[in-house]
1. From Asp162, Asp155, which residue is closer than 20 Å to Ile23 by Cβ, of a type outside the set (Val, Ile, Thr) and not assigned by TED's automatic domain parsing to the domain that holds Val115?
2. Being over 25 Å from Gln178 (Cα atoms) and of a type in the set (D, E, K, R) is the filter here, so list the residues in the stretch 1-42 that pass it.
3. Within the stretch 189-205, can you find the residues that are out of contact with any Gly (no Cβ under 9 Å at 6 or more places or on another chain) and of a type outside the set (Asp, Glu)?
4. Could we say that Val77 is crowded, with 16+ Cβ neighbours inside 10 Å and closer than 22 Å to Ala47 by Cα here?
5. Quick check, is Gln178 surrounded by 15 or more Cβ atoms within 10 Å (Cβ to Cβ) and not aliphatic (A, V, I, L, M)?
6. For the stretch 120-164, how many residues are in a loop (DSSP other than H, G, I, E, B), among the β-branched types (Val, Ile, Thr) and over 30 Å from Phe191 (Cβ atoms)?
7. Scan the stretch 15-60 residue by residue and report those that are in contact with a helix residue (DSSP H, G or I) (Cβ under 9 Å, 6 or more places away or on another chain) and either assigned to a loop (DSSP other than H, G, I, E, B) or modelled with pLDDT under 95 (or both).
8. Kindly indicate which of Thr130, Thr147, Thr188 is touching a residue at least 60 places away in the same chain (Cβ under 8 Å) and surrounded by fewer than 21 Cβ atoms within 10 Å (Cβ to Cβ).
Amino acid sequence: MLKMVQMSKQLGDFHLADVSLEINDGEYFVVLGPTGTGKTVVLETIAGMYQPDQGSIIYNDQNLPDLYPEHRQIGFVYQDYALFPHLTVKENIIFGAKIKKFPIDEIQKKLDQMVEMLGIGHLLHRYPSTLSGGEQQRTALARALITSPKILLLDEPLSALDPRSKEVFQQELKRIHQRLKNITIHVTHDFNEAIFLADRIGIMHKGKLVQVGTPKEIFENPASDFVANFLGVEHRSKKKDRQLFCMSL
């Protein structure tokens, strides 16, 4: 289990405030919210790019801020994929495994697994600039997964794809997650993406986690006017008022 307890971080004028959340092993958790609300900061703090100003991040009884980022068993896929332009697809994928000094035969075995799982064998000798958005996405995902992370962090992973590619890759992400069963935390502002992929959703607003629940719970029972307006559904208090008004007619 990954557990955040009152995790806070001040970055200039932005304040990530008292985020508390538990994510179960094998869970696909989606962080949903408008731009600028702190979704990516949550991922980067878990990954170790920022140290929390207060609070804790616990995974399997270890406080992650006590560990160097490379020791946290975390894979991270950024929105822009952050592939190294001077390296081939193969070199990009195995980069992390080489840095962590995996044995050569293990690197090859894991590379073969990534090729089989993501269907990218034909891309290995190409460079990022020659790839489509979907091919770059698969390469970035393979690079994140080759070290067998316990936690996979995805920052708007589908935002650069066209609608058809996005639909296909949603299916791919679900299939991969069902196969690997790691903790996955996926940041997006796309409701359909969240509904399709998430076991549970966390809604963020102005640096705060304002509601957590299953897709059904979130969309049927928004906890505030903000959540209802953001999702484009009716808040239960307004629904009740409307029902009372109809009963009085």
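The values are calculated or read from the model by the stated rules, or taken from the named source; none is laboratory data. No experiment lies behind these values; they were computed from the predicted model shown. Counting neighbours? That spans all protein chains shown, and the Cβs are built from the backbone with ideal geometry, glycine included.
1. Of Asp162, Asp155, the one residue that is closer than 20 Å to Ile23 by Cβ, of a type outside the set (Val, Ile, Thr) and not assigned by TED's automatic domain parsing to the domain that holds Val115 is Asp155.
2. Matches in the stretch 1-42: Lys9, Asp13, Asp18.
3. Passing the criteria: Asn192, Ala194, Ile195, Phe196, Leu197, Ala198.
4. Here the answer is yes, as Val77 does meet what is asked.
5. No; evaluated as a whole, the condition is false for this residue.
6. Total meeting the criteria: 2.
7. Listed by number, the residues that qualify are Gly26, Gly33, Pro34, Gly48, Met49, Tyr50, Gln51, Pro52.
8. Being touching a residue at least 60 places away in the same chain (Cβ under 8 Å) and surrounded by fewer than 21 Cβ atoms within 10 Å (Cβ to Cβ) holds for just one of Thr130, Thr147, Thr188, which is Thr147.
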